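Worksheet: one structure, shown below.
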Amino acid sequence: MAYEPEFEKLDQECCCDSTELHPDAISHARALLLTDEDTIFSLSELFKVLSDPTRIRILQVLHDTRLCVCDIAETLGMTQSAISHQLRILRQARLVRAQREGRSIFYVLADDHVTTMFDMGLAHVSE
């Protein structure tokens, strides 16, 4: 849907003044509605993972850099234990992945989708 400035005027209102339905719009929305419960649940879980400020900060520091747990902890001023806990959640959500190099394990964003999600979310809240 294209941005329509007149919607800004309606920020304080939430309901229509009439109960007139718009069948074409309803039909279109229903056609696009997700119906697979597993997909809906997975998407909901992804947004839950992204709802934590510490995990957002971890994604931010990994945006263009690969770091080990010690590096992330030092960068964010947190304990390695706290970072490890958050990384486990991010790994389970497939948002980051680990790469072993010798005795070190480095973390990176899982793929370009994660980078794009982060960039788009940041652009949206920065508008």
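Tabulated values for the structure
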| read-out | value |
| --- | --- |
| Net charge of neighbours whose Cβ lies under 13 Å from the Cβ of Ser44, counting Lys and Arg as +1 and Asp and Glu as -1 | -3 |
| Gln80-Met117 FRET efficiency (beta carbon distance; Förster radius 30 Å; 0.05 resolution) | 0.70 |
| Gaussian network model of the chain, Cα within-10 Å springs - most flexible of Glu20, Glu74, Glu37 | Glu20 |
| 14 Å beta-carbon shell around Gln80, net charge (K/R +1, D/E -1) | -1 |
| Calculated over the stretch 42-127: convex hull of Cα atoms, volume per residue (Å³) | 95 |
| Gain on full stretching of the segment that runs from Val108 to Cys15 - 0.36 nm per residue minus C-alpha separation | 29.0 nm |
| Modelled label reach - Thr54, point 7 Å along Cα→Cβ, the stretch 76-93 residues with backbone N closer than 13 Å | 76-90 |
| Computed [θ] at 222 nm, helices only, for the chain once each DSSP H run of length n ≥ 4 contributes -39500 (n - 2.57) | -16500 deg cm²/dmol |
| Which of Thr116, Thr19 has the fewest Cβ neighbours within 10 Å, and the rest in rising order | Thr19, Thr116 |
| Contact order relative to length of the stretch 48-125, as percent, for alpha carbon pairs under 8 angstrom and 6 or more apart | 31 |
| Virtual paramagnetic centre 7 Å along Cα→Cβ of Ser42, amide N under 17 Å, in the stretch 60-95 | 90-95 |
| Within a Gaussian network of the chain (alpha carbon springs, distance under 10 Å), most fluctuating of Asp111, Asp36, Asp64 | Asp36 |
| Sequence of Ile40, Ile72 once ranked by neighbouring C-beta atoms within 10 Å, starting from the fewest | Ile40, Ile72 |
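Each value in this text was obtained by applying a stated rule to the coordinates, not by laboratory testing. Keep in mind that what you see is a predicted model, and the values were worked out from it rather than measured. Every residue, glycine among them, receives a Cβ derived from its backbone with ideal geometry; neighbour counts consider all protein chains shown.
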